Amino acid sequence: MAYVITEACIDAADKACREECPVDCIYEGDRMLYIHPDECVDCGKCVTACPNGAISSEYKLAAEDERFRDIAVEFFDAFPDANGGAEDLGPVGADHPTVAAWETGGRT
Amino acid sequence: MTLIDEPVAPARELTVLGACPQDCPDTCAMVVTVRDGVAVEVAGSKAQPYTNGGLCVKVDNYLDRVYHPDRILHPMRRVGPKGSGEFERISWDEAVDEVARRFTAIAADHGAEAIMPVSYLGTQGILNGLNVGDPFFNRLGATVAERTYCDAGSCTAYAMTIGDTAGVDPEAMVNSKFILIWAANIMSTNLHLWPYIAEAKKRGAKVVVVDPVRTKTARAASQHIPIRPGTDGALAMAMMHVIINEGLTDDDYVAAHTIGYDELVERVQQYTPEWASQETGIPVETILTLAREYATAQPSVIRIGVAVERHAGGGQTVRALSCLPALVGAWRNPGGGILQLPLWAFPVNWPAFMHPELLPPGTQVVNQYLLGQALTGQLDLRTPLKALMVYNSNPLVVAPDQARMVEGLSRDDLFTVVSEQFMTDTARYADILLPATTQLEQEDIMFSWGHLYVTYNNPSIAPLGEAVPNTELFRRLARAMGFDDDPIFTRTDEQMIAEAFDWSSPAMEGITVDSLKEQGFSRLNLPPSDEYAPHRDGNFRTPSGKTEFVSSAAAGGNFVVPLFRQGSNDHQPGQPVDPLPHYIPPRDNAAADPELAARYPLNLISPKSHAFINSSFANIEIHQRVQKPATLLINPADAEARGITTGSVVRAFNDRGSVELLAKVDASTMAGVTVCHVGHWRSDALGLSTLSQLNPTTFADLGNAPTFSDTLIDVEPVAAQEG
Ligand code: SF4
Ligand code: SF4
Ligand code: SF4
């Protein structure tokens, strides 16, 4: 259960959402940010903070953004150190493979 | 076809400043965007420093609630059998006439005490919340409803020790060096406090969580101390033992600002860390370190949650916890002390909302936890109950003893009126059902029990259908009953708002209704949080002005704060109270009742849900998806011993009842402790029952607090049982 960051963040990654998160659970990948699915408390505060409309409740995702739910889960599986506070950790320095390989130019 | 050239009238959009009405300490300032009379967004106000622009999972989707297709929008009369939920629409006049006629007849035949209000905090505005029906029922002479759902025992204990003081300003907690979170899942139930705790942690504070469950809050803390349910008092007493015997007390503070220290020294000798370790399941070394760090890292603060009172010795647990800060001089600095209910900082004009002087002396009092018994002839009542009026509450889910409650509400000779937004489990049993507004459709003014801001709720949309605010509901009923000869019953909302506070009190200086309407909120006129140390020089709100280790108020015996009983002081529980803090073990445990513990070896605790507030929001789809169906968390060892796997259906049972739940095998709960979050509706439950079937009606030691956490059960797989 969580909020999910989607495609509109890729290469934007301005971190505006991270400042707003009351529980500091938005972690910095390389090309985008990821919300920790177990740490997010579903408060919705990041949604309005995002200038790109990239964030949504996992239960209100647009069909084409559904895959970002799994992307987040797999990202945190791959980087188990990314927990307990995004600010302390700093940038993870890597992305989920799907995001790393994402071609810019928007969704098809 | 394109509409592109068609002229479109510009939408009339406005933003309205509001306040979250829910029974939550945070009382968030909201901003509602309204377009052409329809609310299109509810968001947190960025201007309010404490709630800081965010809401929470419960209220961020508030429009789903306001515009939900299941809203009750018209008065209705029951046509099917009780509980069937079959109703026909009637007019407000018909509804009010029928209620007045029935109440009058019942009062004439049986006495007005045969009528009882049932309510709590579905909304907590000063106008529409806790006391909204009190003047009406006090004038009627109805049975007084004692409502001890939340912190009633804690309030009695806290008041006995340090008086009704605000305690710590939560914003000052950034200065705390040691934060002890006790029985509170801050991230689910007090979210807006968390950033202050996180900031303190960043500045070097240690954050320790005492909780049987490894909650999100516990995981984010520096240390989690799992504790056996109901043994919190043993840990608190042992902390005092260590602090006193190791000379970690602040002697000057103790000498100047406390009474009864010598007696306390003697009392704590029996509560050794070794003894407490046996009782609580916490290693001796952990207890020693906790006591030492708590005492020496100043300022230290204890944040207690409501759960801390929910067992046989809940009151004495809070007595002990309220003694600790004075012992170590925590009150000397901003961010030091204990945070219980800063509600006490607000000069609310309670008498104007309760009007206790209208109550006939000696009127019978019934605690709402005993409603099931009261309705089924199992309580010794001077006047048996013949009518109920339920508002701001869904007792079938939030009170214990569900089976009896269903039996009682099904009585054909019981006349039940329910005012509601939705067809709750309780509303199904109504004879007359009345439509209630949501917060967007009503005006109100709010205190907070989690911060020091007054918040104003401007109405943002017109009431949907024929829904009315509770204030208007009681104006209509009062008129029909002929009470409008007294101006108390004809007050407009505006007049009530003018009476809400003692505006001449120093805390309200510079704050007016107009300034509140315009700004939406205002911090009480208190020192800035970085300077707020109200008990630096004592000034406790006790008879002695000191922290009373030996409580003078204990001499009057056990009591419930009159605020929770319509202002009445009659028929207080009154049993003698030991004036020194002490340990009362859980009632349902192996030491107290080995035979019971052999049959029901598992503790059941029922914390607040993440996505619901009590039973509110449990019918809204997105909240159901976040919260998931009613689930029992069980430790892997206990699950394995019973052949229980995640996702299977289990039966949790004891002598009081049985509930079917989905199992989740989860090491975040201690061995021997099961967890089921409260709030799911009976109508959504697997076996038409929820965990309130299993909970006891027995009170804790002080303030008639509930003992939900003092519940033993066993669990078995359903298939095996049927197999
Ligand atoms: S929904 Fe709230 S908790 Fe979750 S990531 Fe957004 S701001 Fe953080
Ligand atoms: S605010 Fe939006 S675009 Fe910026 S980092 Fe967060 S999700 Fe990405
Ligand atoms: S329920 Fe509490 S945290 Fe959520 S919006 Fe209301 S006051 Fe704020």
All positions within the stretch B:54-76 that are within 11 Å of ligand 3 (Cβ to nearest atom) and in contact with a strand residue (DSSP E or B) (Cβ under 6 Å, 6 or more places away or on another chain): B:54, B:55, B:58, B:62
Residue that is modelled with the highest pLDDT [pool: residues in the stretch B:604-640 that are within 14 Å of chain A (Cβ to nearest Cβ) and at positive phi]: B:617
Filter pass, residue B:587 being surrounded by fewer than 23 Cβ atoms within 10 Å (Cβ to Cβ) and over 25 Å from residue B:278 (Cα atoms): no
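Residues that are under 15 Å from the mean Cα position of the chain (by Cα): find the helices (runs of 4 or more DSSP H) completely inside the stretch B:124-195 holding 3 or more of those. Can you show your working first?
Working: elements: B:134-140, B:152-162, B:186-189.
It comes to B:152-162, B:186-189.
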Subset tally (residues that are surrounded by fewer than 16 Cβ atoms within 10 Å (Cβ to Cβ) and within 13 Å of the chain's Cα centre (by Cα)) for the stretch A:67-93: 4
Qualifying residue in the stretch B:223-230 (condition: touching a strand residue (DSSP E or B) at 6+ places or on another chain (Cβ under 8 Å) and within 14 Å of chain A (Cβ to nearest Cβ)): yes
Extreme residue, farthest from ligand 3 (Cβ to nearest atom), among residues of the stretch A:1-17 that are crowded, with 18+ Cβ neighbours inside 10 Å and modelled with pLDDT under 95: A:13
Enumeration of residues in the stretch B:336-370 that are within 24 Å of residue B:446 (Cα to Cα) and not in a helix (DSSP H, G or I): B:338, B:339, B:340, B:341, B:346, B:347, B:348, B:349, B:355
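Return yes when residue A:71 is under 25 Å from residue B:190 (Cα atoms), more than 16 Å from ligand 3 (Cβ to nearest atom), in contact (Cβ under 8 Å) with a residue 24 or more places away in the chain and of a type in the set (Val, Ile, Thr) and no when it is not.
For residue A:71, the condition - under 25 Å from residue B:190 (Cα atoms), more than 16 Å from ligand 3 (Cβ to nearest atom), in contact (Cβ under 8 Å) with a residue 24 or more places away in the chain and of a type in the set (Val, Ile, Thr) - is not met.
Would you check if residue B:579 is away from chain A (no Cβ under 14 Å), modelled with pLDDT of 95 or more, under 23 Å from the mean Cα position of the chain (by Cα) and not in a strand (DSSP E or B)? Even if it seems obvious, please write down each step before you answer.
Numbers: away from chain A (no Cβ under 14 Å): yes; modelled with pLDDT of 95 or more: yes; under 23 Å from the mean Cα position of the chain (by Cα): no; not in a strand (DSSP E or B): yes.
No.
Yes or no, residue by residue, for (1) within 16 Å of ligand 3 (Cβ to nearest atom); (2) under 20 Å from residue B:620 (Cα atoms):
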site	(1), (2)
A:30	no, no
A:36	no, no
A:42	yes, yes
A:49	no, no
A:56	no, yes
A:60	no, yes
Out of A:26, A:5, A:35, sole residue that is within 17 Å of residue A:91 (Cα to Cα) and away from chain B (no Cβ under 14 Å): A:5
Neighbours by Cβ (under 9 Å, 6+ apart or cross-chain): first from the stretch A:82-105, under 14 Å from residue A:18 (Cα atoms); second polar (S, T, N, Q): A:89/A:83
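Right, residue B:564: touching a Ser or Thr at 6+ places or on another chain (Cβ under 6 Å) and surrounded by 21 or more Cβ atoms within 10 Å (Cβ to Cβ) or not?
Details: touching a Ser or Thr at 6+ places or on another chain (Cβ under 6 Å): yes; surrounded by 21 or more Cβ atoms within 10 Å (Cβ to Cβ): yes.
When the stated conditions are applied, residue B:564 passes them.
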Pair list, Cβ < 7 Å and 6+ apart or interchain, from the stretch B:321-332 residues that are in a helix (DSSP H, G or I) to residues that are basic (Lys, Arg): B:331/B:536; B:332/B:536
Residue within the stretch A:30-52 that is away from ligand 1 (no atom under 13 Å from the Cβ) and of a type in the set (Gly, Ala, Ser) present: no
Evaluation of residue B:199 against (1) surrounded by fewer than 24 Cβ atoms within 10 Å (Cβ to Cβ); (2) of a type in the set (Asp, Glu); (3) more than 14 Å from chain A (Cβ to nearest Cβ) (one fails), failing number: (3)
Lone qualifier among B:174, B:144 - being surrounded by fewer than 24 Cβ atoms within 10 Å (Cβ to Cβ), β-branched (Val, Ile, Thr) and at pLDDT 95 or above: B:174
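Give the residues of the stretch A:51-66 that are crowded, with 22+ Cβ neighbours inside 10 Å and within 14 Å of chain B (Cβ to nearest Cβ), sorted by residue number. Give the steps one after another, and end with the answer.
Filtering the stretch A:51-66 for residues crowded, with 22+ Cβ neighbours inside 10 Å gives A:54-55.
Scanning the stretch A:51-66 gives a single hit, A:55.
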Given (1) near ligand 2 (Cβ under 10 Å from one of its atoms); (2) over 11 Å from the mean Cα position of the chain (by Cα); (3) basic (Lys, Arg), number of the condition residue A:45 does not satisfy: (1)
Elements of type strands (runs of 3 or more DSSP E) in the stretch B:588-696, at least 1 residues being among the polar types (S, T, N, Q), touching a Gly at 6+ places or on another chain (Cβ under 9 Å) and under 20 Å from residue B:305 (Cβ atoms): B:602-605
Unique residue being within 14 Å of chain A (Cβ to nearest Cβ), of a type in the set (Asp, Glu) and touching an Asp or Glu at 6+ places or on another chain (Cβ under 8 Å) when the list is B:26, B:60: B:60
Lone qualifier among B:57, B:40, B:96 - being surrounded by fewer than 18 Cβ atoms within 10 Å (Cβ to Cβ) and outside the structural domain of residue B:625 (by TED's automatic domain parsing): B:40
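The values are calculated or read from the model by the stated rules, or taken from the named source; none is laboratory data. In this text the structure is predicted, and so the values were computed from the model without any measurement. No Cβ is skipped: glycine too gets one built from the backbone with ideal geometry, and neighbour counts run over all protein chains shown.
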